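For reference, the structure discussed in these notes is given below.
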Amino acid sequence: MRDLISNLRYSLRLLLKSPGFTITAILILAFGIGVNTVIFSLINAVILKPLPFAEPDQLVQISQPYQNDPSASIDYPDYVDIARGQQTFSSLAVLCWSTLNLSDSGESQEIHVAFVSPSLFKITALPPIIGRVFTDAEDVPNGPFVVVLSEYFWRTRFAADPQIVGKNITLGDHSFEVIGVVPAQVRDWGPPGALVYVPANTVAPVGIFGNNRGYPLEFRDLHYFACVGRLRPGFTLSQAQADLDVIHRDLLRRYPETTEGYGIRVTSLLDAMVSNYSRTTSLLAAAAGLLLLISSANIANLLFARGLQRGREMMIRTTLGAPRRQLIGQVLLRPYCSHSSVAYWA
């Protein structure tokens, strides 16, 4: 221990005597380690970190692949048939999003609005902060105009007003009654940037699909909805896929003119969310690892160059009777010594 402390103290003095070399080595290592830390934090947040919900492995996404689009969205009538006929999911939900103009207290703002089925909130298993969420009885044609606020929007736009429930806000040309506020985690995997949630059936009266086709949710060729679900406990993705294949064959038989060419696929929700980023993050991780390797190689070259100057020193130490243990300590803990340090050791 005494030799170790002595070597460490001497190494520190040598580092202070060679500030140029020391600063260069520290900057090279700091740059390589810093970049790797940032990239790993990004990968952990995007790919490795589980979704912030109970039993996140049970969350899935259902798509209807078509030709070169493996993650094509689903149409509303197919969702209804799948939800009625499936046996492997505890809940299924559809969602789409658009922008609507919010008019409130004389101020106008274009915001992202999510049109979702009520079962979305069952899938997240997150209770509202205040108020309630809308029900199946409210998500019907000509149903009431009700809205659930995201926690972020509630806090930033309405200053976390605890009396917000029961008030009305204007979205587009319609007045919606605020019935509740949901936690911020709902935005982690829902529609990107959604600030408010309204029943899926309100897409018709607000006219986000246009008004030239009647009631838009009746059409099987309107593939505009994302579909998510939660597996029943004990069921796997392969079992869910087999269940959906049976339903899809029935849809092909009943509606060949609109279903022909489409498939059906169930994937882990986390995998579906990161599929667009996994390749990019993998390339970033490889580049960061290569950068750290280059940084380490540069430090090794610097140490090797200085180590070449110590050949004569090691010979003198050996001649003077220095044991191998001390020579190894000199190399490991005093890598910056030059031949001028022999007198100190002696």
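Throughout, read-outs are computed from the coordinates displayed, never taken from laboratory work. All of these numbers come straight from a predicted model, not from anything done at the bench. Because the Cβ atoms are built from the backbone with ideal geometry, glycine has one as well, and the counts that use them run over all protein chains shown.
Among bridges DSSP assigns within segment 65-263, what percent are antiparallel (round to 5)? Don't jump to the answer; show the numbers that get you there.
Values: 29 of 38 bridges.
Percent antiparallel among DSSP bridges in segment 65-263 is about 75.
Output needed: percent of Cα pairs per 10 Å distance bin for segment 65-263, bins running from 0 to the one holding the longest distance.
8, 34, 34, 18, 6, 0
What spacing in nm lies between the two simple spin-label points modelled at D173 and I26, each 7 Å away from Cα in the Cβ direction?
The two pseudo-label positions are separated by 6.8 nm.
Pull up all non-local amide H partners of V146: gap of 5 or more, or a different chain, and H-to-H distance under 5 Å with H placed in the peptide plane.
E177
Give me the tail of P(r) for segment 217-295 as a percent: Cα-Cα pairs with distance above 15 Å. It would help to have the intermediate numbers written out before the result.
Working: 2209 of 3081 pairs.
For segment 217-295, the fraction of Cα-Cα distances above 15 Å is 72 percent.
With a point put 7 Å past each Cα toward its Cβ, work out how far V38 is from D57 in nm, to one decimal.
3.5
Stretched out fully, how many nm does the piece from I299 to A160 gain, at 0.36 nm a residue minus the Cα gap? Before the final figure, lay out each step's value.
Numbers: separation 139, 0.36 × 139 = 50.04 nm, distance 5.35 nm.
Length gained between I299 and A160: 44.7 nm.
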